[in-house]
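All remarks here apply to the structure that follows.
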Amino acid sequence: YHSLVILVIVASNLNIDAGRTDWSEEKNPSFWNEQARLDIEYNIRRTESKRTAKNVIFFLGDGMGISTVTAGRIRKGQMLGQLGEDFITEMEQFSHLGLAKTYCTDHQTSDSAATATALFCGVKAALGTIGLDGRALRRNCSSSHGHHANSIFEWAQQLGYHIGIVVTSRVSHASPASGYAHSPERNWEGYDSINFGAKQVAEGCVDIAQQLVLRSPPIDLVLGGGRRFFYPTQTPDIANSSLRGARTDNVSLIDDIWKGRFIWNKTDLHKIELGSSEPILGLFHYDQMRFETDRIQDPKEEPSLSEMATFAVKHLLQKSQDKNGFFLFVEGSRIDHAHHYTQPRYALDDYVEFDNTIGQIKRILQDEGVLDDTLLVVTSDHSNAFSFGAGAARGSNIFGFGTLENANVSSIDKMPVNIIAYGNGPNFASNRNKTYLDSLDFNQTGYRAPAALPMSEASHAGEDVAVFAQGPWSHLFIGVMEQSTIAHKMAYAACWGDYQKRKGCA
């Protein structure tokens with residue numbers, strides 16, 4: 001009798017024992033020999049699909065470095081009452097895996113604007129710039145003219161494919177904006193007279209939120225947060241009258257410019273007829289959407305990432321029934337924000353929701369009979385200065401203290417050692433006395449892990465990030481690759497852009 005939970009990985013035809021609640025079975029060498037046999041057999045049987053991808057779904061875990069994937073795996077398993085280390089996440093069940101280099105043209109460690117530009121437009125660019133090639137200079141409007149980089153959004157739309165965006169950040173934030181906007185400054189999200197104003201307009205630039213609503217043809221579906229950049233300062237927020245819009249140009253982008261349907265709560269989201277023809281803009285929060293840990297405690301009218309994304313897939317599938325397919329971008333945006341605050345509970349719980357979303361979408365595609373026609377790609381824009389270790393014993397609470405030689409103390413100061421720590425961040429002056437360490441509640445969302453170097457926010461990190469892929473041409477996403485090749489590989493699989501006439505395209 002095996003005292004473990006059996007996790008069956010259907011998508012990859014690999015049956016492996018995972019999700020264990022104790023590790024006694026692992027003491028027997030035959031256990032590991034069988035794991036190896038299953039792994040080898042799966043790889044021998046694996047085939048490569050070279051059919052044209054009808055649909056492409058691109059998942060981005062913002063700030064989701066490999067350390068976050070591993071710690072998130074443990075967190076997800078432990079949420080299910082397991083040890084955690086041997087758990088297998090949804091993204092880890094994909095058939096192909098590679099690594100992407102995240103540097104940009106002028107920085108060793110990049111930001112979401114430059115990396116998302118590489119991911120969507122297929123060219124590397126300067127830090128802080130959106131939808132521009134490497135000749136544009138940050139915050140220099142005139143340098144952006146003539147240097148716009150077309151994105152996979154354009155490549156798909158030009159051939160009649162539907163497109164959608166689902167994020168938990170503001171929809172005008174760096175990652176989603178890099179797919180539809182062109183701006184030499186990521187902070188030019190709205191006409192607020194602080195970051196963007198009359199000077200930039202006179203030089204011929206348009207704020208990012210306005211570029212979204214002016215886009216022609218419009219994006220079929222945009223769901224996320226960030227109402228404040230769409231309304232003028234005299235307009236109270238629709239959900240909280242104590243808040244006002246941020247625009248100082250007296251323009252309501254929703255009332256004056258947007259030609260499609262606007263929604264702001266999940267009740268209205270579920271009233272939408274699937275496959276309806278009008279473009280949809282859903283802004284479910286005044287600013288960034290809430291961390292999943294907070295949202296689930298009091299959902300109100302704010303949908304989860306999985307709720308938005310599963311609606312988007314069903315809607316785009318319905319729209320595409322008699323026509324071409326679709327491109328959908330889904331981002332777990334706030335993993336990154338939590339890491340900046342050195343709050344690992346928020347970061348890993350948002351990772352879990354992101355991974356759950358991937359699994360739910362895979363099951364919808366399977367049920368609709370289109371999984372084999374859909375390329376799925378999961379990656380990150382960059383990593384963060386997040387690490388975990390500390391010699392922790394098997395099954396240790398990922399947020400808690402580790403063990404050193406079975407003693408829960410450091411050999412240097414004789415105090416407990418945190419499993420999770422940051423290379424830099426706001427909690428650099430973390431106390432190392434017994435009273436403070438005994439008072440910590442690791443499971444509280446407000447808990448900040450210790451940081452080595454002083455910074456007001458923890459920084460990004462520069463190491464490569466994982467790329468998981470499944471579906472047609474997923475074998476292109478193996479080895480170490482430049483981040484900018486990912487857009488091209490997705491387009492190649494779907495016969496979009498420069499690849500619409502490649503060999504094998506209809």
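The values are calculated or read from the model by the stated rules, or taken from the named source; none is laboratory data. Because the structure is a prediction, the values reported are computed rather than measured. So basically every Cβ, Gly included, is an ideal-geometry build from the backbone, and we count neighbours across all protein chains shown. All accessible areas refer to the heavy atoms of the entire protein, side chains included, with ligands and DNA or RNA removed. Shrake-Rupley method; radii C 1.70, N 1.55, O 1.52, S 1.80 Å.
For this structure, a couple of remarks:
- With all protein chains in place and ligands, DNA and RNA left out, the 1.4 Å accessible area ranks VAL330, VAL409 as VAL409, VAL330, largest first.
- Derived scalar couplings between HN and Hα for the stretch 409-423 equal 8, 6, 6, 8, 10, 6, 9, x, 10, 6, 5, 9, 8, 10, x Hz in order, rounded to whole Hz, by the Karplus curve 6.51 cos²θ - 1.76 cosθ + 1.60 (θ = phi - 60°), x for Gly and Pro.
- Contact order normalised by residue count of the stretch 57-194, Cα under 8 Å, 6+ apart, percent: 19 percent
- Net dipole in debye of the chain [+1 Lys, Arg Cβ; -1 Asp, Glu Cβ; about Cα centre; nearest 20]: 660 debye
- Karplus (6.51, -1.76, 1.60) ³J(HN,Hα), θ = phi - 60°, over the stretch 426-435, in Hz, Gly and Pro reported as x: x, 9, 5, 8, 3, 5, 10, 10, 4, 4
- Our summary gives the chain a relative contact order of 23 percent, counting only alpha carbon pairs under 8 angstrom and 6 or more residues apart.
- Applying the Karplus relation 6.51 cos²θ - 1.76 cosθ + 1.60 with θ = phi - 60° to the stretch 191-198 yields 3J(HN,Hα) values of 6, 10, 6, 10, 8, 9, x, 4 Hz, where x marks Gly and Pro.
- Remark: the chain carries 40 Å² of accessible area per residue (probe radius 1.4 Å; ligands, DNA and RNA excluded).
- Bridge type composition, the chain - antiparallel percent by DSSP, nearest 5: 40 percent
- By the Cβ-Cβ criterion of under 4.7 Å, the unpaired cysteines of the chain are CYS104, CYS121.
- GLY282 long-range amide H proximity, modeled H, under 5 Å: VAL222, LEU223, GLY224, ILE263
- The residue among LEU305, GLN343, LEU371 whose Cα reaches farthest toward the positive pole of the charge dipole of the stretch 290-372, with charges on the beta-carbon of Lys, Arg, Asp and Glu, is LEU371.
- Residue pairs exceeding 21 angstrom between C-alpha atoms, taken from LYS314/LYS362; LYS199/LYS259; LYS50/LYS314; LYS50/LYS489; LYS266/LYS314: LYS199/LYS259; LYS50/LYS314.
- Look at the dipole of the chain built from charges on Cβ: of ALA239, ALA126, SER383, the Cα furthest out on the positive end belongs to ALA126.
- Among TRP473, TRP264, the order of accessible area from largest down is TRP264, TRP473, computed with a 1.4 Å probe on protein heavy atoms.
- Using a probe radius of 1.4 angstrom, the carbon and sulfur fraction of the accessible surface of the stretch 382-481 is 56%.
- The calculated pair-distance distribution of the stretch 402-458 uses every alpha carbon pair, bins of 5 angstrom beginning at 0, and gives 4, 19, 25, 28, 18, 6, 1 percent.
- Solvent exposure ordering (accessible area, 1.4 Å, most first) of TYR103, TYR346: TYR103, TYR346
- Gyration tensor verdict on the chain (Cα atoms; rounded if a/c is under 1.5, prolate if a/b is larger than b/c, oblate otherwise): oblate
- Here's how it looks for PHE401: its modeled amide H is under 5 Å from those of ILE419, which are all 5 or more places away or on a different chain.
- Rounded to the nearest 20 debye, the dipole size of the stretch 402-458 about its Cα centre is 100 debye, using +1 on the Cβ of Lys and Arg and -1 on the Cβ of Asp and Glu.
- Taking amide hydrogens as placed 1.01 Å from N in the peptide plane, the amide H of SER383 sits under 5 Å from those of ALA461, GLU463, each at least 5 positions away in sequence or on another chain.
- Annotation for the stretch 73-133 versus the stretch 379-423: alpha-carbon center distance of 23 Å.
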